[in-house]
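Okay, so here's the structure we're looking at.
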Amino acid sequence: MSARGQMLDAIRRSLKRGPLTGPARDAAEARLAAPVRGPVPKRADLDHAGQVALFCQWAETNNASVARVGAGEVPAEIAGWLKRNNLPARAAMAPSAELDRYDWASQKLLELRRGIAVPDDQVAITGAFAAIAETGTLVMASGPGHPVTLNLLPETHVVVLREQDIVGGYETVWERLRAAYGRGAMPRTVNTITGPSRTGDIEQTIELGAHGPRRMHIVVVRP
Amino acid sequence: MRSTAHAFRGNVTGALSDANLQDSLSKLKKGFSERRRQAAERLPEFEALRDAARDIKNHSLANLDFYLETFEAKVVALGGHVHWAPTAEDARRIIGELCREAGARTVAKSKSMVAEEIALNDHLEALGIAPIETDLGEYIIQLRGEPPSHIIAPAVHLTKDQVADTFLAHHGKLGYDKRLTERNDLVAEARAVLRQKFIDADVGITGANFLIAETGSSILVTNEGNADLSNTLPRTHIVLASIEKVIPTLEDLGVLLRVLARSATGQESSAYTTLNTGPRRADDLDGPEAYHVVILDNGRSQVLGTEMQEMLRCIRCGACMNHCPVYGAIGGHAYGWVYPGPIGAVLNPQLIGLEEAGDLPNASTFCGRCESVCPVRIPLPGLMRHWREREFERHLKPSAMRQGLALWRFVAERPRLYRALTGLANRVLALFGRAEGAYSALPLAGGWTAARDLPAPQPGGTFHAQWARGRRR
Ligand code: SF4
């Protein structure tokens with residue numbers, strides 16, 4: 001018997017049944033088709049303005065910095081923030097249609113390269129698929145407009161997040177993923193990111209910037 | 001990892017007299033457990049989420065074959081591969097072959113307890129492939145040639161100074177020849193050294209916190225982002241997961257994530273939770289070209305359908321060891337095999353046998369704190385008691401202890417006799433000297449008092465006697 005058959009057999013023998021059939025199978029299939037929600041924390045059960053505020057509050061608690069601007073101010077906000085923090089005015093930026101909407105040419109000193117991150121990049125600029133108010137978590141979906149390396153390699157990650165992409169909890173994110181990619185389908189990688197990279201591996205004391213970004217700046221854009 | 005669980009008693013003596021270890025363990029008590037308490041208090045739904053988490057795992061276990069097959073079909077449809085490994089040896093062989101096919105010289109590894117369980121690193125090294133641990137704690141202990149001492153904080157037994165010495169000894173040849181004293185400098189040096197290793201690695205090997213049947217996704221939870229670099233930069237991504245990791249849907253994942261980070265470190269959420277589904281798509285600009293999932297049984301299916309099944313709900317948060325007075329006194333290494341603490345005392349006898357790990361279930365004060373914090377409500381003390389009974393039945397105990405236990409059981413099953421005898425013992429013990437408050441030696445109990453003091457009975461009689469009086473009031 002194949003290793004696969006052997007393992008499935010061992011499981012079924014222990015469960016004292018053959019392959020799942022009848023009502024038990026129907027129930028499991030129904031659960032896949034219509035997922036069961038667990039208790040959803042009330043914390044993020046707010047109107048949208050409240051959710052945006054809650055997201056910003058948690059993001060700052062998670063050691064990210066947050067700026068709230070209009071769409072016309074995004075490039076200037078990023079250039080100014082980089083300058084104030086003595087960071088290079090040079091970044092690898094996600095090649096997404098979403099980021100094309102902003103007038104980057106207005107920032108003459110900001111040097112942008114569109115594409116994946118390479119090891120020497122100091123700063124990455126990306127959008128976000130969604131964000132979770134409950135915990136201040138960003139949700140990044142990989143694809144041609146959002147290479148995964150941008151989320152990880154550079155020491156500084158600047159995220160341009162549209163207010164309308166902020167939701168209460170995971171449940172709404174799952175629904176949005178299903179709407180965008182189809183039921184049961186996903187992009188290769190979904191990174192949910194809650195603040196900069198960190199480690200507590202030396203004496204349980206948190207240090208930022210273990211492997212991923214040390215710094216994270218979230219630019220929340222009003223519609 | 002080679003087990004020293006059979007030498008548990010000796011390991012304990014060594015641990016209790018290790019000053020560095022005791023220093024590190026004293027920090028553990030204040031750190032993780034206090035932060036978990038605060039996180040639980042911040043979320044009114046926390047207890048309801050624990051119930052839901054328990055129910056999700058029970059449902060998944062009852063339908064395990066179905067969800068594994070569903071998961072497999074999803075992965076295969078995306079061009080990924082699923083490999084079934086009944087034993088640790090099968091998993092080692094499969095991963096070794098996959099690494100060879102990929103032409104791997106170095107492998108970036110993200111901390112995986114299942115990889116420790118199957119001793120993957122030794123196997124890869126024997127094949128001439130260098131596995132590089134990338135989780136900072138795991139990297140530190142790899143340099144030191146030590147096993148992990150905690151399932152989420154593998155280097156929790158070490159002090160900063162020990163880490164500084166280790167880095168100086170190993171990074172000197174790479175041009176880092178200054179002994180560092182600040183934690184952030186140590187982290188920065190490890191980041192720089194490991195960054196190059198990530199770039200050079202041909203294969204990334206990760207574990208999985210969960211597998212999602214609905215989508216065929218494997219889930220990784222970390223704070224450092226090392227798992228994400230391991231699954232993004234190398235051309236091949238291999239996931240090693242045991243059978244009980246599969247859950248039905250993304251909604252179920254949401255419940256489990258909400259209890260996992262809070263139970264583990266007291267965080268609202270870990271910094272990175274990543275869902276990987278298949279290899280990179282045709283229009284992706286980065287990500288691995290090949291995606292393999294190795295599913296390991298290694299004795300777990302034998303526990304299904306038995307009274308011990310509940311151990312398979314474990315989501316490896318580490319809360320039980322963070323709250324365990326025994327773990328807090330002896331640390332993780334004394335347990336002698338991969339999984340320490342209360343969950344280790346329950347899992348290890350199943351995975352490596354009662355002959356080898358039979359002493360571990362005795363390492364409990366039955367205080368119940370582990371069960372009270374377990375996010376999936378595993379009755380850990382009950383399961384330990386079960387192993388003790390099995391061990392007794394299998395006559396693995398020295399005969400004197402067997403007879404002693406038989407006598408104790410005889411007495412304990414007869415409440416009147418028990419009360420009469422304990423009341424008597426109480427009065428007799430009092431004669432030995434209540435004034436000091438504790439006995440450091442007692443006749444017939446040298447084994448107990450060698451390493452601990454027995455508190456002296458205090459005025460008021462036995463618990464039963466006090467209870468009875470209290471109730472009558
Ligand atoms: S037994 Fe419970 S508390 Fe211990 S590691 Fe597993 S899930 Fe966490």
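The values are calculated or read from the model by the stated rules, or taken from the named source; none is laboratory data. As the structure is a computational prediction, the values presented were derived from the model and not from experiment. Methodologically, a virtual Cβ is constructed for each residue, glycine included, from the backbone with ideal geometry; neighbour enumeration extends over all protein chains shown. The protein model used for the area step is the full one, side chains on, heavy atoms only, and it has no ligands, DNA or RNA in it. Shrake-Rupley method; radii C 1.70, N 1.55, O 1.52, S 1.80 Å.
Worth a mention:
- Hey, B:Leu296 within 28 Å of B:Val203 (Cα to Cα) and open to solvent by 30 Å² or more (accessible area, probe 1.4 Å) or not: no
- Selection within segment A:66-78 - outside any strand (DSSP E or B) and out of contact with any Lys or Arg (no Cβ under 8 Å at 6 or more places or on another chain): A:Gly72, A:Glu73, A:Val74, A:Pro75, A:Ala76, A:Glu77, A:Ile78
- Test: residue in segment B:308-328 that is in contact with a His (Cβ under 8 Å, 6 or more places away or on another chain), modelled with pLDDT under 95 and within 22 Å of B:Leu16 (Cα to Cα): yes
- Hey, B:Cys367 buried (at least 20 other Cβ atoms within 10 Å of the Cβ) and either within 16 Å of the ligand (Cβ to nearest atom) or farther than 29 Å from B:Val76 by Cα (or both) or not: no
- Selection within segment B:122-142 - open to solvent by 40 Å² or more (accessible area, probe 1.4 Å) and either in a helix (DSSP H, G or I) or within 16 Å of the ligand (Cβ to nearest atom) (or both): B:Asp122, B:His123, B:Glu125, B:Ala126, B:Gln142
- Residue match in segment B:218-238 (condition: open to solvent by 10 Å² or more (accessible area, probe 1.4 Å) and of a type in the set (Lys, Arg)): yes
- From A:Ala124, A:Ala128, residue being more than 8 Å from every other protein chain (Cβ to nearest Cβ) and assigned to a loop (DSSP other than H, G, I, E, B): A:Ala128
- Subset tally (residues that are under 15 Å from B:Tyr291 (Cα atoms) and assigned to a helix (DSSP H, G or I)) for segment B:211-249: 6
- Scanning segment A:184-223 for residues that are in a strand (DSSP E or B), surrounded by fewer than 24 Cβ atoms within 10 Å (Cβ to Cβ) and without any contact (Cβ under 8 Å) to a residue 40 or more places away in the chain turns up just one, A:Glu207.
- Only one of the numbered conditions (1) within 13 Å of another protein chain (Cβ to nearest Cβ); (2) open to solvent by less than 20 Å² (accessible area, probe 1.4 Å) is violated by B:Asp200, and that is (2).
- Matching residues in segment B:239-273 - criterion: being free of Cβ contacts under 8 Å to residues at least 24 places away in the same chain and either more than 25 Å from B:Leu304 (Cβ to Cβ) or open to solvent by 10 Å² or more (accessible area, probe 1.4 Å) (or both): B:Gly254, B:Ser269
- Any hit, segment A:73-93, residues being surrounded by 16 or more Cβ atoms within 10 Å (Cβ to Cβ) and within 14 Å of chain B (Cβ to nearest Cβ): yes
- The number of residues in segment B:216-266 being within 8 Å of chain A (Cβ to nearest Cβ), more than 20 Å from B:Asp65 (Cβ to Cβ) and of a type in the set (S, T, N, Q) comes to 5.
- Residue within segment B:168-177 that is more than 8 Å from every other protein chain (Cβ to nearest Cβ), closer than 26 Å to A:Thr194 by Cβ and assigned to a helix (DSSP H, G or I) present: no
- For A:Glu175, the test of being over 26 Å from A:His211 (Cα atoms) and either open to solvent by 10 Å² or more (accessible area, probe 1.4 Å) or part of a strand (DSSP E or B) (or both) is passed.
- A count restricted to segment B:48-68 and to residues that are closer than 20 Å to B:Ile315 by Cβ, assigned to a helix (DSSP H, G or I) and facing another protein chain (nearest Cβ under 9 Å) stands at 13.
- Qualifying residue in segment B:342-353 (condition: away from the ligand (no atom under 16 Å from the Cβ), surrounded by 19 or more Cβ atoms within 10 Å (Cβ to Cβ), modelled with pLDDT of 80 or more and in the same structural domain as B:Thr4 (by TED's automatic domain parsing)): yes
- In segment A:27-65, of all residues being assigned to a loop (DSSP other than H, G, I, E, B) and open to solvent by less than 50 Å² (accessible area, probe 1.4 Å), the one that is farthest from the other protein chains (Cβ to nearest Cβ) corresponds to A:Ala64.
- Options B:Gly305, B:Gly328, B:Gly332: the member that is open to solvent by 10 Å² or more (accessible area, probe 1.4 Å) and either at the interface with chain A (Cβ under 10 Å from one of its Cβ atoms) or touching a residue at least 24 places away in the same chain (Cβ under 8 Å) (or both): B:Gly305
- Yes/no for A:Ala59 being touching a residue at least 60 places away in the same chain (Cβ under 8 Å) and under 30 Å from A:Leu153 (Cα atoms): yes
- Per this entry, B:Ile315 is counted among residues that are farther than 30 Å from A:Ala117 by Cα, surrounded by 24 or more Cβ atoms within 10 Å (Cβ to Cβ) and not assigned by TED's automatic domain parsing to the domain that holds B:Val75.
- Residue count for segment A:154-167, restricted to those that are part of a loop (DSSP other than H, G, I, E, B) and open to solvent by less than 10 Å² (accessible area, probe 1.4 Å): 1.
- Applying the set (1) more than 9 Å from the ligand (Cβ to nearest atom); (2) open to solvent by 30 Å² or more (accessible area, probe 1.4 Å) to B:Glu391 leaves exactly one unmet item: (2).
- Among the residues of this structure, B:Glu47 counts as one that is without any contact (Cβ under 8 Å) to a residue 60 or more places away in the chain and not assigned by TED's automatic domain parsing to the domain that holds B:Asp297.
- Segment A:1-23, subset exposed (fewer than 14 other Cβ atoms within 10 Å of the Cβ) and in a helix (DSSP H, G or I), residue nearest to the other protein chains (Cβ to nearest Cβ): A:Gly5
- Residue, surrounded by the most Cβ atoms within 10 Å (Cβ to Cβ), within segment B:274-293, restricted to residues that are in contact with a Leu (Cβ under 6 Å, 6 or more places away or on another chain) and facing another protein chain (nearest Cβ under 10 Å): B:Gly278
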